[in-house]
Structures are given as C-alpha cells and as structure tokens.
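Here the structure is laid out as structure tokens; the discussion comes afterwards.
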Amino acid sequence: MRPDSETASYVVGLIGADIGPSFSPSLHEREATELGLRYVYERIDIKELGVAPEGVGELLRRAQRTGFRGVNVTHPCKQTVVEHLSDLSSDAATLGAVNTVVFEDGNAVGHNTDWPGFQQSFARGLPDVATSRVVLLGAGGAGAAVAHAALSLGIERLSVVDTDLNRADVLARSLRRRYGDDRAVVPARLSAELPRADGLINATPTGMATHPGAPLPLELLHDRLWVADVVYRPLETELLRHARHLGCRTLDGGGMAVFQAALSFELFTGRKPDRERMLRHFALLAEDAPSPVAR
Ligand code: NAD
C-alpha cells in the first residue's frame with residue numbers, strides 16, 4: 001500500500017553496477033525533504049555485492065520483503081529485471097526495459113520513465129525545432145527509449161544508426177510496427193544522411209568521462225542541425241561543445257536525467273515533485289561532481 005500521510009516514510013533504492021557516483025539518491029532525498037517526506041534512497045550495487053545481472057530478481061525480492069516502496073533499476077539490469085515482475089506499464093512492455101519498479105499490494109510493477117523523461121526534456125529544451133528528418137545514434141536501451149519518445153513527439157522520420165547493424169535493424173523494425181512504415185529507417189551511410197537532417201540525437205555512451213570522444217566524425221555536423229545528447233556526465237560533451245561552436249541549438253542529457261527521476265519519485269510517493277527545483281539541484285550536483293563515471 002502507498003503510505004498516505006504526508007509524513008509517511010519511504011525506503012527506495014537503485015539496483016545497478018558502478019552506481020557509487022549516481023546523483024539519484026541525492027536528487028530524490030533532497031526533493032523529499034523539500035516536500036516534508038521521510039525518504040531514504042539506498043544504493044544496491046551488484047558489482048560490490050558480487051551479484052550477476054541475472055541475480056536482480058533475488059535483490060528485488062529482498063527489497064520487497066524488507067519494506068522498500070520500490071527501486072530504480074539501471075545498467076546492466078534494465079532488461080534482466082523484466083522477467084521478475086508481476087506486471088508492466090505499457091511503455092515498459094513496448095521497450096522491454098524497466099528503470100522503475102513499484103511494490104504495490106504484494107506485486108512488483110515495472111515502469112519506464114526514461115521515455116517520458118526524454119520527451120519532457122525535449123519539449124522543454126527544443127520546443128520549436130524542425131522535425132522532418134532526425135538521426136539517432138545508438139540503438140541500445142537509451143536509444144530505444146529516445147526513439148519512441150521522438151516518434152510520439154511527432155518527429156516525422158528517424159534514421160537509426162548503430163555500430164551494431166543488427167541492433168539498429170531490430171529497433172527500426174519495432175518503430176515501424178508501432179508508428180508506421182515511413183517513420184523509421186536504417187540509412188546506408190551516415191555521411192549521406194546528415195546533410196539533409198534537421199536534428200541529431202546521441203544515445204551512445206560516447207562522450208561520457210569513461211568513453212571520451214565523439215560518437216561520429218565531427219566534420220559531419222552543420223549549422224542547420226539541432227543536437228541532443230543523452231550523456232550527462234559531463235553535461236557538456238565533446239559533441240555538444242562542437243555543435244555549440246558551429247551555432248547549433250543543443251540539448252544536454254541533464255533534463256532527461258532529472259525528468260526520469262521526477263517521474264519515478266511521483267510513482268513511489270504519489271506526490272508531484274517540483275521539477276524546476278530538481279533541475280537546479282541537479283546543476284549543483286553536476287558542478288560539484290569530481291570525476292563523472294556513472295548514472
Ligand atoms: P547500451 O550499451 O545499451 O547501448 C549503446 C548503443 O550504442 C549500443 O548498441 C552500441 O552498439 C551503440 N554505439 C556505441 N558507439 C556508437 C557509435 N559511435 N555510433 C553508433 N552506435 C554506437 O547503452 P544505453 O543503456 O543505451 O546507454 C547509453 C547512454 O545513455 C549512456 O551513456 C547512459 O548513461 C545514457 N543514459 C542517459 C539517461 C539520462 O537520463 N540522461 C538515461 C539512460 C541512459
């Protein structure tokens with residue numbers, strides 16, 4: 001049962017690998033304090049515990065048994081967690097990936113807030129950009145969430161590019177089934193696709209402190225593009241720095257990170273967090289972060 005008093009206590013957690021530097025505990029706990037809630041957010045690091053990604057089910061059951069309200073789930077457990085859940089939201093079922101589990105009346109229900117997180121960030125940060133043709137780099141977990149968000153926001157045609165061609169194909173096929181045959185393609189060559197594109201979205205890990213560099217040859221960028229990145233550690237990736245230098249409109253990964261957290265918080269507590277306050281808090285955390293390595 002969801003605690004219904006404003007002073008109710010919530011224990012939630014994050015299950016994933018290398019999550020020591022994650023901003024999530026601080027983001028959630030500070031917002032809860034602002035709202036007058038007692039709220040503890042624990043890290044459950046499978047690497048530190050020596051648990052394989054497939055062991056996520058046991059960690060989930062333990063959290064449920066010990067009174068957790070729910071957990072966030074991150075790399076590399078977003079897919080492996082699915083088989084351990086009683087039910088899935090329709091977004092999570094479409095993506096086959098879960099980043100939020102809520103324990104409700106003995107059930108464990110999976111949600112995906114990455115998708116609406118990107119949607120809200122895009123609508124806020126790039127509300128009036130051209131959306132006829134957009135290139136997406138990366139067809140992994142984040143890429144799938146971003147692709148569904150982009151097409152449901154009205155981007156007309158998405159070109160899906162991944163160094164693993166099979167991943168790009170699988171995602172494009174699933175997008176065509178859901179949104180229509182002309183909405184998603186796998187282009188033959190990125191260099192031929194980008195000159196006619198309005199926008200570029202990076203959903204690869206390249207640009208993170210642990211994966212430095214740019215996910216494509218930067219000379220392919222041009223000043224008619226808008227450029228969005230899902231990487232947020234650091235907020236200014238090499239890709240965004242170059243795009244800004246060219247005069248492109250840009251969107252960093254911070255908004256998606258904050259909005260997915262805000263949506264999870266709402267699922268855990270039933271309370272609406274103040275998103276602008278969370279964005280300000282996130283900016284402070286990003287400024288203070290020593291060596292950014294994980295979500
Ligand atoms: P993943 O490993 O599941 O997928 C990454 C995909 O990118 C893979 O398919 C890989 O083949 C492809 N790829 C790698 N380099 C490429 C390149 N140069 N060109 C084309 N394709 C390339 O990873 P993921 O879980 O999807 O995460 C990707 C990034 O998204 C991570 O940096 C993660 O931190 C970030 N992320 C951010 C948020 C947020 O809230 N801002 C949410 C989720 C994930």
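For Val186, the criteria (1) more than 11 Å from the ligand (Cβ to nearest atom); (2) in contact with a Ser or Thr (Cβ under 6 Å, 6 or more places away or on another chain) hold in every case but one, which is (2).
Across segment 134-150, the qualifying residues are those that are assigned to a helix (DSSP H, G or I) and among the small types (Gly, Ala, Ser), and the one among them that is farthest from the ligand (Cβ to nearest atom) is Ala150. Does segment 86-107 include one or more residues that are at negative phi, outside any helix (DSSP H, G or I), touching an Asp or Glu at 6+ places or on another chain (Cβ under 8 Å) and β-branched (Val, Ile, Thr)? There is no residue in segment 86-107 that is at negative phi, outside any helix (DSSP H, G or I), touching an Asp or Glu at 6+ places or on another chain (Cβ under 8 Å) and β-branched (Val, Ile, Thr). Exactly one residue among Asp252, Asp162 is modelled with pLDDT of 95 or more, within 9 Å of the ligand (Cβ to nearest atom), closer than 24 Å to Pro127 by Cα and not aliphatic (A, V, I, L, M), and that residue is Asp252.
Condition first: more than 11 Å from the ligand (Cβ to nearest atom) and either of a type in the set (Ser, Thr, Tyr) or not in a strand (DSSP E or B) (or both). Now tell me which residues in segment 189-217 satisfy that. Arg189, Ser191, Ala192, Glu193, Leu194, Pro195, Arg196, Ala197, Asp198, Pro212, listed by residue number. Could you grab me the full set of residues in segment 121-133 that are away from the ligand (no atom under 11 Å from the Cβ) and either surrounded by 23 or more Cβ atoms within 10 Å (Cβ to Cβ) or not basic (Lys, Arg) (or both)? Phe122, Ala123, Gly125, Leu126, Pro127, Asp128, Val129, Ala130, Thr131, Ser132 - these are the residues of segment 121-133 that are away from the ligand (no atom under 11 Å from the Cβ) and either surrounded by 23 or more Cβ atoms within 10 Å (Cβ to Cβ) or not basic (Lys, Arg) (or both).
Matching residues to (1) in contact with a helix residue (DSSP H, G or I) (Cβ under 7 Å, 6 or more places away or on another chain); (2) among the hydroxyl-bearing types (Ser, Thr, Tyr); (3) touching a residue at least 40 places away in the same chain (Cβ under 8 Å):
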position: Tyr179; (1), (2), (3): yes, yes, no
position: Arg189; (1), (2), (3): no, no, no
position: Arg196; (1), (2), (3): no, no, yes
position: Val258; (1), (2), (3): yes, no, yes
position: Phe265; (1), (2), (3): yes, no, yes
position: Arg277; (1), (2), (3): yes, no, yes
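Taking Glu54, is it among the acidic types (Asp, Glu), at pLDDT 95 or above and in a helix (DSSP H, G or I)? It is false that Glu54 is among the acidic types (Asp, Glu), at pLDDT 95 or above and in a helix (DSSP H, G or I). If the condition is being touching a His at 6+ places or on another chain (Cβ under 9 Å) and basic (Lys, Arg), then segment 61-81 contributes only Arg61. The residue that is surrounded by the fewest Cβ atoms within 10 Å (Cβ to Cβ), among those in segment 219-249 that are within 12 Å of the ligand (Cβ to nearest atom) and aliphatic (A, V, I, L, M), is Leu220. Scan segment 202-223 for residues that are farther than 21 Å from Ser22 by Cβ and touching a residue at least 40 places away in the same chain (Cβ under 8 Å) and jot them down. If the condition is that a residue be farther than 21 Å from Ser22 by Cβ and touching a residue at least 40 places away in the same chain (Cβ under 8 Å), then Pro215, Leu216 are the ones that fit. Of all residues in segment 18-48, those that are among the small types (Gly, Ala, Ser) and surrounded by fewer than 19 Cβ atoms within 10 Å (Cβ to Cβ) total 3.
The values are calculated or read from the model by the stated rules, or taken from the named source; none is laboratory data. Quick caveat: nothing in here was measured; it's all calculated off a predicted structure. Note that we place each Cβ from the backbone using ideal geometry, even for glycine, and neighbour counts take in every protein chain shown.
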